[in-house]
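Structure in structure tokens, see below.
The values are calculated or read from the model by the stated rules, or taken from the named source; none is laboratory data. From a predicted model like this one, the values you see are computed outputs, not experimental measurements. A quick note on method: Cβ atoms are made from the backbone with ideal geometry, for glycine too, and the neighbour counts reach across all protein chains shown.
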Amino acid sequence: MSKCGRRQFHARALAVTLAAAVGSLTIFSALAVFRPLVGIAAQKTKLTFMTHYNLSLPFGKVLDNAIKEYEKLHPDIDIEVQFADAHTLLTKILVAQSAGVAPDIVNIAGYMMGDLSHAGILREVPENVRQAMEKAYLPGLSVFATYRGKVYGFPTEFMPRAMVANVRMLEAAGLPARTPTTFAELESWAAKLTQRAADGTLKQAGFGIDTGASAQLVWATIFAFARSNGAQYISPDYRKVLFDSREMAETIEYLAGLVKKGIALAKSWIVVDTRAEKVAMTMAAGPYWKTEFTRPNENIYDRVITGLLPAGSTGKPASPTYGWLLAVTQACQHPDEAWKFITWLTTDVKESTKMTRMGQVMYELGSMPVTRQDLANSPIVKEPFMRGFIAAIQANIIFPDPIGPKALELQQIFQTEVVPAILGTRSVAESLARAAERTQKQLDQIFAGK
């Protein structure tokens, strides 16, 4: 081959090589662009959901199935459930926030809003989302998700208190199948229902007063009577004690009198004695007590009814109430997706049940419906045990447990100082004075410099 031919051959070979290289670069570039796009398309939006619902229990399984249904309907969403016991939930959220790993969605009690709001953890419900909630929900329920005029979530559990009574025990004592309507009637019935053994020991108490199951329950038990007697707890601005009053003193003296006369049993976790039919009547902590009366081998659900709590000097009964709600944290990177899931869970109606998914969870839990659709279709509203709770709503006598910073700590002070008066180990005047002084000191510390 001539020198000229060799040069032409090399030139053609170089051109082919360069063309091949350019083609390879083009293909490589295309793949480089394509691969990240494939990754982005396959990547899911992850939402972490911290709740006190154990997914292995019947009501938890309903929630778990609902989450899986939502993930199937929205393949780009992945919801990770994080369990936290109700008693440690608030602490876990606060710790997670401090560690920079706060969950996206939290299932919290209303009394937690004060602490979480002041810590800057909760997002306010967007206006368009709030409108969807108010359209579906029963009127007035946003009070359990509201703190200082801001709505922070969707109510789930709705827990008014009511009087619970054992129908079999009422009938045996010749009493009607209802609950007493006044303080005087409660005392009269409690006396008739009380039974003692030959040696004088108590076999059956007419009434039960919880003094230690939890500070929240003890507070509610006392204020179920105190509010109807005209007593108040703390001022609306959450800064001044109001319970050091004559109305409160008379309420405590009334409850202490029932114990002193031997017709009321005062002890911790009174539901255990009620379930064992050692107590005929008591204040039910909430509709969820259904699960307490339907336990295997201890099922007395067909024997218990509920009604309004008895009325005091005002002539109007009262029902302290608390609730749980679903909220979104400030740490959430995908708040729109979080609110969409919550809205679907609590307001979208399933055709087969005519109820919302959360309404089905509430049915299994034994809790009151919170939406119009669930109230119309949940079988639970027809059960005799639910009548007192529903009546409290219909009578418009509900009022919320305290919502503000350190709410449980304040209730703990109240329990510690006031229970001795009910048990008769300290005077009513001294108990209320000590409770008021300690509570006011705590309130002053909360708002110091504010």
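What is the residue count in the stretch 47-64 for residues that are touching a helix residue (DSSP H, G or I) at 6+ places or on another chain (Cβ under 8 Å) and either polar (S, T, N, Q) or at positive phi (or both)?
Summing the residues that are touching a helix residue (DSSP H, G or I) at 6+ places or on another chain (Cβ under 8 Å) and either polar (S, T, N, Q) or at positive phi (or both) in the stretch 47-64 gives 2.
Kindly state which strands (runs of 3 or more DSSP E) lie completely within the stretch 224-312 and contain at least 2 residues that are surrounded by fewer than 21 Cβ atoms within 10 Å (Cβ to Cβ), on the phi > 0 side of the Ramachandran plot and in contact with a strand residue (DSSP E or B) (Cβ under 8 Å, 6 or more places away or on another chain).
Per the criteria, no element qualifies.
Which condition number does A327 fail, the rest of (1) among the small types (G, A, S); (2) more than 17 Å from A145 (Cβ to Cβ); (3) at pLDDT 95 or above being met?
The failed condition is (2).
Restricting attention to the stretch 42-55, report how many residues are surrounded by fewer than 19 Cβ atoms within 10 Å (Cβ to Cβ) and more than 19 Å from the chain's Cα centre (by Cα).
Of the residues in the stretch 42-55, 5 are surrounded by fewer than 19 Cβ atoms within 10 Å (Cβ to Cβ) and more than 19 Å from the chain's Cα centre (by Cα).
One line per residue, one yes/no per condition, for (1) assigned by TED's automatic domain parsing to the domain that holds L423; (2) modelled with pLDDT of 95 or more:
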residue: E253; (1), (2): yes, yes
residue: K261; (1), (2): yes, yes
residue: E277; (1), (2): yes, yes
residue: E298; (1), (2): no, no
residue: I305; (1), (2): no, yes
residue: K316; (1), (2): no, yes
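Out of all the residues in the stretch 292-307, is one or more of a type in the set (D, E, K, R) and within 23 Å of the chain's Cα centre (by Cα)?
Yes - at least one qualifying residue is present in the stretch 292-307.
So Y322 passes all but one of these: (1) surrounded by 22 or more Cβ atoms within 10 Å (Cβ to Cβ); (2) under 21 Å from the mean Cα position of the chain (by Cα); (3) within 19 Å of F207 (Cα to Cα). Which condition number does it fail?
Exception for Y322: condition (3).
Does the stretch 201-223 contain any residue that is under 18 Å from I413 (Cα atoms), surrounded by fewer than 22 Cβ atoms within 10 Å (Cβ to Cβ) and among the acidic types (D, E)?
no
Checking the condition in contact with a Gly (Cβ under 6 Å, 6 or more places away or on another chain) and assigned by TED's automatic domain parsing to the domain that holds H74, which residue from P379, P369 passes?
P369
I've got another one for you. Is it the case, given these coordinates, that N128 is of a type outside the set (A, V, I, L, M, F, W, C), over 19 Å from P369 (Cα atoms) and assigned by TED's automatic domain parsing to the domain that holds K203?
Here the answer is no, as N128 does not meet what is asked.
All but one of (1) modelled with pLDDT of 95 or more; (2) surrounded by 17 or more Cβ atoms within 10 Å (Cβ to Cβ) hold for V349; state the number of the condition that does not hold.
It fails just one condition, (2).
Let me ask something else. So, D374, is that one over 19 Å from T321 (Cα atoms), crowded, with 22+ Cβ neighbours inside 10 Å and in contact with a strand residue (DSSP E or B) (Cβ under 7 Å, 6 or more places away or on another chain) or not?
Considered against the rule, which asks whether it is over 19 Å from T321 (Cα atoms), crowded, with 22+ Cβ neighbours inside 10 Å and in contact with a strand residue (DSSP E or B) (Cβ under 7 Å, 6 or more places away or on another chain), D374 comes out as yes.
Looking only at the stretch 94-110, count every residue that is surrounded by 23 or more Cβ atoms within 10 Å (Cβ to Cβ) and in a helix (DSSP H, G or I) and tell me the total.
1
Do you know which residues across the stretch 113-134 are outside any loop (DSSP other than H, G, I, E, B) and touching a residue at least 24 places away in the same chain (Cβ under 8 Å)?
Scanning the stretch 113-134 gives M113, G114, D115, L116, S117, H118, L122, V129, A132, M133.
Of the residues that sit in the stretch 201-223 and are outside any strand (DSSP E or B) and among the aliphatic types (A, V, I, L, M), which one is modelled with the lowest pLDDT?
This residue is A213.
Read through the list (1) in contact with a Leu (Cβ under 7 Å, 6 or more places away or on another chain); (2) modelled with pLDDT under 90, then give the number of the only condition that I77 fails.
With (1) in contact with a Leu (Cβ under 7 Å, 6 or more places away or on another chain); (2) modelled with pLDDT under 90 applied to I77, the lone miss is (2).
Could you give me the residue pairs with C-beta distances under 9 Å whose first residue belongs to the stretch 418-440 and is without any contact (Cβ under 8 Å) to a residue 24 or more places away in the chain, whose second residue is exposed (fewer than 15 other Cβ atoms within 10 Å of the Cβ) and charged (D, E, K, R) wherever it lies, and which are 6+ apart or on separate chains?
Close Cβ pairs satisfying both conditions: P420/E430.
Scan the stretch 165-198 residue by residue and report those that are among the aliphatic types (A, V, I, L, M), out of contact with any strand residue (DSSP E or B) (no Cβ under 8 Å at 6 or more places or on another chain) and either in the same structural domain as P384 (by TED's automatic domain parsing) or part of a helix (DSSP H, G or I) (or both).
A172, A184
Here is a list of conditions, (1) surrounded by fewer than 17 Cβ atoms within 10 Å (Cβ to Cβ); (2) touching a Ser or Thr at 6+ places or on another chain (Cβ under 7 Å), and R168 meets all of them except one; can you say which number that is?
Every condition holds for R168 apart from (2).
Does T347 qualify as being in the same structural domain as E134 (by TED's automatic domain parsing), within 19 Å of L116 (Cβ to Cβ) and hydroxyl-bearing (S, T, Y)?
Against the criterion (in the same structural domain as E134 (by TED's automatic domain parsing), within 19 Å of L116 (Cβ to Cβ) and hydroxyl-bearing (S, T, Y)), T347 does not qualify.
On to the next question. What residue, of F34, F28, F59, is part of a helix (DSSP H, G or I), in contact with a Ser or Thr (Cβ under 9 Å, 6 or more places away or on another chain) and modelled with pLDDT under 95?
None of the others qualify; the one that does is F59.
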